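Just below is one structure, and these are the notes that go with it.
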Amino acid sequence: MEEYSHILSNHFKLPSFFSIRRPSDLFAFLIQIKEPIIVVFDEFQRFNQIYPPFYTELQHAWDQRPEDSKLFLIVTGSSIGMMNRIFMGGGAPLFKRADTRITIRPFGVTEILPVLDDLTSLSLEEKLKIFYLFGGIIHYYYLFDKFSCRNFPDILEKIIFNDFGPLRREISDILVEEFGSEHASYHTIIAALAGGKTSMKEIGDRAGIAVTSLHPYLENLINLLGIVTYQVPVGDEKGRSRLGRYFLTDPFFRFYARFVYPNMSTFEAGNYSSLIAAVDDGWNSYAGRCFEDLVREILKNTLLNQYDSIGSWWNRKGNEIDIVATGSDRTLVVECKYRDLTENQARDIIENVLKKAEFIPHLSGLVIGGVAARSIMGKEKLIQEGYFVWDFNDLNNTLRHVEGDPSPTLR
């Protein structure tokens, strides 16, 4: 409160005896100010630890503010769950007091790669490895710069697999802060999702949680943390489909659940060299799903003017197609392969995906087969034959197309 007194005294040129001793004094002063003023509280959820009555005192002041009050109050917080409980919980003091709520989403690959261009001269593929690890959370790239990381191995050794690494316990700390004593259950659910379990039954069996008790956990991971999505096959309605699946979409949570959580005893013992070796051995298989998500994100942004809906498709017989885009007169079906392809391999993949497309119900019009990979020989020839072909060169073209747009910077 002493700091607030000093700031307000200087700004409004108040007499020397002016003093704010309690939050209620601060609020009483702010709501009486007749000139427009913007007040910002960052990490607003922390008041719950340092001064719990803060929210109640703010509620009383806010409800009693004069009609001509010019106070514009902004609060921010990095804990989505805590912020939701403060403003959306039925019994919370600030329930329904917020005029507007904005959830800041992670940046996409087309915003993050220019950031990495400023930080490193690594190849596009090496930059994508970093994106597959950190996703669109800009703070992680700040740490990349702060700890003088030169490449992907440096990140592992300096930031994650290190006793003093700032992200060593990042995931555990988030889960404990959000879910308290139940964090262990969320760990096991996230690990199940990272292991490829997508149905309620599969997740429950792997996590050791009854299916009847699982839904609230998954809802919290979707709505509070925003790291899981519930998806249905393209063409199905979410409320009616019986083929819905849950996917872990946050890259760093996915990495942690794939490489750290199953090896927690090794991690706690500080045997980091073994974990780094495990990442090296398993990276290509792990990155396949990341690559698929990357291609889907880019195609959603570039093809939405041509197609009505873009997503994945699957059925009960085990048929799956990585990307399906449906329009009024055409359908695009694409398989993603995180490797370099010869022309013949690409043709085989396209032929196979077109066969699987025959199982998609209610298709009409032209069906176009396609393939996405790191590189594809004979690409131009395949395109001339009417197939859809995408590789890293197309990502470069996309980046050049948006390079005039503003991108996030590190400060």
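Of the helices (runs of 4 or more DSSP H) lying entirely inside region 88-199, those containing at least 3 residues that are of a type outside the set (S, T, N, Q), touching a strand residue (DSSP E or B) at 6+ places or on another chain (Cβ under 7 Å) and more than 30 Å from LEU71 (Cα to Cα) are 183-194. The condition (being among the small types (Gly, Ala, Ser) and assigned by TED's automatic domain parsing to the domain that holds GLY196) is satisfied by just one residue among SER265, SER274, SER285, SER309: SER265. Within region 7-30, is even one residue of a type in the set (Asp, Glu) and exposed (fewer than 11 other Cβ atoms within 10 Å of the Cβ)? Within region 7-30 (the criterion being of a type in the set (Asp, Glu) and exposed (fewer than 11 other Cβ atoms within 10 Å of the Cβ)), the answer is no, since none of the residues qualifies.
Scan region 203-247 for residues that are within 23 Å of the chain's Cα centre (by Cα) and among the acidic types (Asp, Glu) and jot them down. The one that is within 23 Å of the chain's Cα centre (by Cα) and among the acidic types (Asp, Glu): GLU219. Note on region 149-185: residues that are under 24 Å from SER285 (Cα atoms), aromatic (Phe, Trp, Tyr) and free of Cβ contacts under 8 Å to residues at least 60 places away in the same chain total 1. Within region 55-108, the only residue that satisfies the criterion of being of a type in the set (D, E, K, R), in contact (Cβ under 8 Å) with a residue 24 or more places away in the chain and closer than 17 Å to GLU43 by Cα is ARG105.
Only one of ASN315, ASN301 is over 19 Å from the mean Cα position of the chain (by Cα) and either assigned by TED's automatic domain parsing to the domain that holds LEU332 or of a type in the set (Gly, Ala, Ser) (or both); which? After applying the criteria, what remains is ASN315.
Working only within region 62-88, note down all residues that are among the basic types (Lys, Arg) and over 24 Å from the mean Cα position of the chain (by Cα). Within region 62-88, ARG65, LYS70 meet the criteria. Residue count for region 2-31 satisfying the condition of being within 25 Å of ALA92 (Cα to Cα) and either outside the structural domain of SER79 (by TED's automatic domain parsing) or outside any loop (DSSP other than H, G, I, E, B) (or both): 9. Restricting attention to region 253-286 and to residues that are under 16 Å from the mean Cα position of the chain (by Cα) and not basic (Lys, Arg), the residue that is nearest to ASN393 (Cα to Cα) turns out to be PHE255. Of ALA92, ALA98, all but one fail to be farther than 27 Å from VAL295 by Cα, aliphatic (A, V, I, L, M) and in contact with a Lys or Arg (Cβ under 7 Å, 6 or more places away or on another chain); the exception is ALA92.
Restricting attention to region 20-47, the residues being at pLDDT below 85 and of a type in the set (Gly, Ala, Ser) number 1. Screening the candidates ASP322, ASP329 for the property of being acidic (Asp, Glu) and surrounded by 21 or more Cβ atoms within 10 Å (Cβ to Cβ) yields one hit, ASP322.
Within the set TYR246, TYR256, the sole residue that is buried (at least 20 other Cβ atoms within 10 Å of the Cβ), over 17 Å from ARG169 (Cβ atoms) and in contact (Cβ under 8 Å) with a residue 12 or more places away in the chain turns out to be TYR246.
Elements of the type strands (runs of 3 or more DSSP E) sitting completely within region 221-340 and holding at least 3 residues that are over 30 Å from ILE102 (Cβ atoms): these cover 320-326. For region 210-225, the count of residues that are among the small types (Gly, Ala, Ser), free of Cβ contacts under 8 Å to residues at least 24 places away in the same chain and in contact with a Ser or Thr (Cβ under 8 Å, 6 or more places away or on another chain) is zero.
The values are calculated or read from the model by the stated rules, or taken from the named source; none is laboratory data. These numbers come from a predicted model, not from an experiment. Please note: Cβ atoms are built from the backbone with ideal geometry, for glycine as well, and neighbour counts cover all protein chains shown.
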